[in-house]
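All remarks here apply to the structure that follows.
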Amino acid sequence: MIKALAPYIVTNGNGQEAVEFYKNAFNAELIGVQTFGDMPPNPEYPLPEEAKDRVMHGALQVGDTRLMISDTFPGQPYELGSQVTIAMILNDVEKSKEVFSKLSDGGNVTMELQETFWSPSYGQVTDKFGVSWQITTEVE
(Lines give C-alpha, C1' and ligand atoms only; values in the text may rest on other atoms or scores of the structure.)
Protein backbone atom coordinates (compact mmCIF):
# COMPACT_ATOMS: atom_id res chain seq x y z
CA MET A 1 0.00 0.00 0.00
CA ILE A 2 1.21 3.50 -0.75
CA LYS A 3 1.83 5.36 2.51
CA ALA A 4 2.73 8.82 1.25
CA LEU A 5 4.13 11.06 -1.47
CA ALA A 6 6.72 13.62 -0.40
CA PRO A 7 8.66 16.39 -2.14
CA TYR A 8 12.39 15.60 -2.18
CA ILE A 9 14.72 18.58 -2.61
CA VAL A 10 18.18 17.94 -4.06
CA THR A 11 20.93 20.37 -3.07
CA ASN A 12 24.51 20.72 -4.29
CA GLY A 13 26.63 20.37 -1.16
CA ASN A 14 24.66 22.74 1.05
CA GLY A 15 22.11 20.24 2.33
CA GLN A 16 22.90 20.86 6.02
CA GLU A 17 22.17 24.55 5.48
CA ALA A 18 18.96 23.71 3.58
CA VAL A 19 17.72 21.44 6.38
CA GLU A 20 18.16 24.25 8.91
CA PHE A 21 16.66 26.84 6.56
CA TYR A 22 13.47 24.86 5.90
CA LYS A 23 13.23 23.74 9.53
CA ASN A 24 13.16 27.40 10.60
CA ALA A 25 11.07 28.66 7.66
CA PHE A 26 8.31 26.13 8.25
CA ASN A 27 8.72 25.70 12.03
CA ALA A 28 9.20 22.04 11.14
CA GLU A 29 10.17 19.11 13.31
CA LEU A 30 13.51 17.53 12.41
CA ILE A 31 12.95 13.82 11.86
CA GLY A 32 16.61 13.16 11.16
CA VAL A 33 19.68 13.70 9.00
CA GLN A 34 22.06 11.05 7.69
CA THR A 35 25.26 11.99 5.90
CA PHE A 36 27.13 9.94 3.34
CA GLY A 37 29.72 9.50 6.10
CA ASP A 38 27.08 7.65 8.16
CA MET A 39 26.83 4.88 5.55
CA PRO A 40 28.44 1.54 6.33
CA PRO A 41 31.92 1.56 4.74
CA ASN A 42 32.41 -0.35 1.49
CA PRO A 43 36.08 -1.13 0.72
CA GLU A 44 35.22 -1.53 -2.98
CA TYR A 45 33.93 2.04 -3.10
CA PRO A 46 35.83 4.22 -0.62
CA LEU A 47 33.99 7.39 0.32
CA PRO A 48 35.70 10.60 -0.86
CA GLU A 49 36.51 12.98 1.99
CA GLU A 50 34.40 15.77 0.44
CA ALA A 51 31.30 13.51 0.58
CA LYS A 52 31.40 12.63 4.27
CA ASP A 53 29.46 15.65 5.58
CA ARG A 54 27.04 15.93 2.68
CA VAL A 55 23.41 15.06 3.43
CA MET A 56 22.48 11.63 2.13
CA HIS A 57 18.96 11.92 3.53
CA GLY A 58 17.31 14.58 5.65
CA ALA A 59 13.67 14.58 6.71
CA LEU A 60 11.47 17.26 8.22
CA GLN A 61 7.87 16.97 9.36
CA VAL A 62 5.92 19.96 8.06
CA GLY A 63 2.35 19.65 9.31
CA ASP A 64 1.05 16.39 7.84
CA THR A 65 3.74 16.33 5.14
CA ARG A 66 7.29 15.04 5.15
CA LEU A 67 9.87 17.18 3.34
CA MET A 68 13.04 15.34 2.33
CA ILE A 69 16.43 16.79 1.40
CA SER A 70 19.58 15.26 -0.07
CA ASP A 71 22.86 16.56 -1.48
CA THR A 72 24.26 15.39 -4.75
CA PHE A 73 27.24 13.06 -4.41
CA PRO A 74 30.50 14.80 -5.40
CA GLY A 75 30.94 14.49 -9.16
CA GLN A 76 27.23 13.92 -9.86
CA PRO A 77 25.64 16.46 -12.16
CA TYR A 78 23.49 19.15 -10.62
CA GLU A 79 21.10 20.93 -12.94
CA LEU A 80 18.90 23.85 -12.05
CA GLY A 81 15.31 22.79 -12.59
CA SER A 82 15.85 19.25 -11.33
CA GLN A 83 16.18 19.99 -7.63
CA VAL A 84 12.85 18.44 -6.68
CA THR A 85 11.91 14.80 -7.07
CA ILE A 86 8.93 12.96 -5.63
CA ALA A 87 9.48 10.31 -3.00
CA MET A 88 6.85 7.59 -2.88
CA ILE A 89 6.80 5.69 0.40
CA LEU A 90 5.20 2.25 0.44
CA ASN A 91 4.85 -0.38 3.17
CA ASP A 92 5.06 -3.49 0.96
CA VAL A 93 8.06 -4.67 -1.10
CA GLU A 94 5.92 -6.37 -3.75
CA LYS A 95 3.84 -3.23 -4.24
CA SER A 96 7.03 -1.16 -4.57
CA LYS A 97 8.20 -3.53 -7.33
CA GLU A 98 4.87 -3.13 -9.13
CA VAL A 99 4.89 0.68 -8.92
CA PHE A 100 8.57 0.89 -9.93
CA SER A 101 7.93 -1.33 -12.94
CA LYS A 102 5.00 0.77 -14.08
CA LEU A 103 6.92 4.05 -13.67
CA SER A 104 9.88 2.54 -15.57
CA ASP A 105 7.74 1.76 -18.64
CA GLY A 106 9.02 4.20 -21.25
CA GLY A 107 11.21 5.91 -18.65
CA ASN A 108 14.81 5.76 -17.49
CA VAL A 109 15.92 3.80 -14.41
CA THR A 110 18.69 5.73 -12.62
CA MET A 111 19.05 3.29 -9.72
CA GLU A 112 17.64 -0.22 -9.91
CA LEU A 113 15.15 -1.19 -7.22
CA GLN A 114 17.24 -2.93 -4.55
CA GLU A 115 17.73 -3.57 -0.87
CA THR A 116 19.69 -0.84 0.90
CA PHE A 117 20.70 -0.42 4.50
CA TRP A 118 17.73 1.93 5.05
CA SER A 119 15.07 0.14 3.00
CA PRO A 120 14.29 -3.39 1.84
CA SER A 121 13.31 -1.94 -1.55
CA TYR A 122 14.61 1.41 -2.90
CA GLY A 123 15.16 2.71 -6.43
CA GLN A 124 15.12 5.81 -8.59
CA VAL A 125 13.44 6.27 -11.95
CA THR A 126 12.56 9.13 -14.28
CA ASP A 127 9.24 8.40 -15.93
CA LYS A 128 8.41 8.99 -19.59
CA PHE A 129 7.16 12.49 -18.73
CA GLY A 130 10.51 13.51 -17.18
CA VAL A 131 9.33 13.29 -13.56
CA SER A 132 11.95 11.86 -11.18
CA TRP A 133 10.72 9.39 -8.56
CA GLN A 134 12.34 7.80 -5.53
CA ILE A 135 10.52 4.60 -4.54
CA THR A 136 11.19 3.46 -1.00
CA THR A 137 9.66 0.83 1.23
CA GLU A 138 9.31 1.28 4.98
CA VAL A 139 8.28 -1.85 6.84
CA GLU A 140 7.46 -1.93 10.52
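The values are calculated or read from the model by the stated rules, or taken from the named source; none is laboratory data. Because the structure is predicted, anything quoted here is derived from the model rather than measured. Please note: Cβ atoms are built from the backbone with ideal geometry, for glycine as well, and neighbour counts cover all protein chains shown. Quick note on the areas: whole protein, heavy atoms, side chains included, nothing else; ligands and nucleic acids left out. Shrake-Rupley method; radii C 1.70, N 1.55, O 1.52, S 1.80 Å.
To the nearest 20 debye, what is the magnitude of the charge dipole of the stretch 41-90 about its Cα centre, counting +1 on the Cβ of each Lys and Arg and -1 on the Cβ of each Asp and Glu?
So the dipole magnitude of the stretch 41-90 works out to roughly 160 debye.
List, largest first, the extents of the alpha carbons of the stretch 15-77 along their principal axes, each in whole Å.
Answer, in whole Å and largest first: 41, 21, 16 Å.
When Rg is the radius of gyration of the Cα atoms in the stretch 71-140 and Rh is its Kirkwood radius, what does Rg/Rh come to?
Ratio of gyration radius to Kirkwood radius: 0.98.
Could you sort D53, D71, D64, D92 by accessible area so the largest value comes first, with the probe set to 1.4 Å?
So the residues, ranked largest to smallest area, are D64, D53, D92, D71.
For the stretch 1-40, compute Rh as the Kirkwood radius over C-alpha pairs and then the Stokes-Einstein diffusion coefficient at 4 °C and 1.567 mPa s; write the answer in µm²/s, rounded to an integer.
The calculation lands on 107 µm²/s.
Quick check on the chain: what does the Kirkwood estimate of hydrodynamic radius come out to from the alpha carbon pairs, in Å?
One decimal place: 15.7 Å for the Kirkwood radius.
Show which lysines lie in cross-link reach of K52 when reach means a straight Cα distance below 26 angstrom and same-chain residues fewer than eight apart are skipped.
K23
Report, in debye and to the nearest 20, how large the dipole of the chain comes out about its Cα centre when Lys and Arg carry +1 and Asp and Glu carry -1 on their Cβ.
Approximately 320 debye in magnitude.
Enumerate by residue number the GluC sites (Glu not before Pro) in the stretch 20-123 meeting two conditions: DSSP loop (anything except H, G, I, E, B), and at most 15 other Cβ atoms within 10 Å of the site's Cβ.
Listed in order of number, the matching sites are E44, E79, E115.
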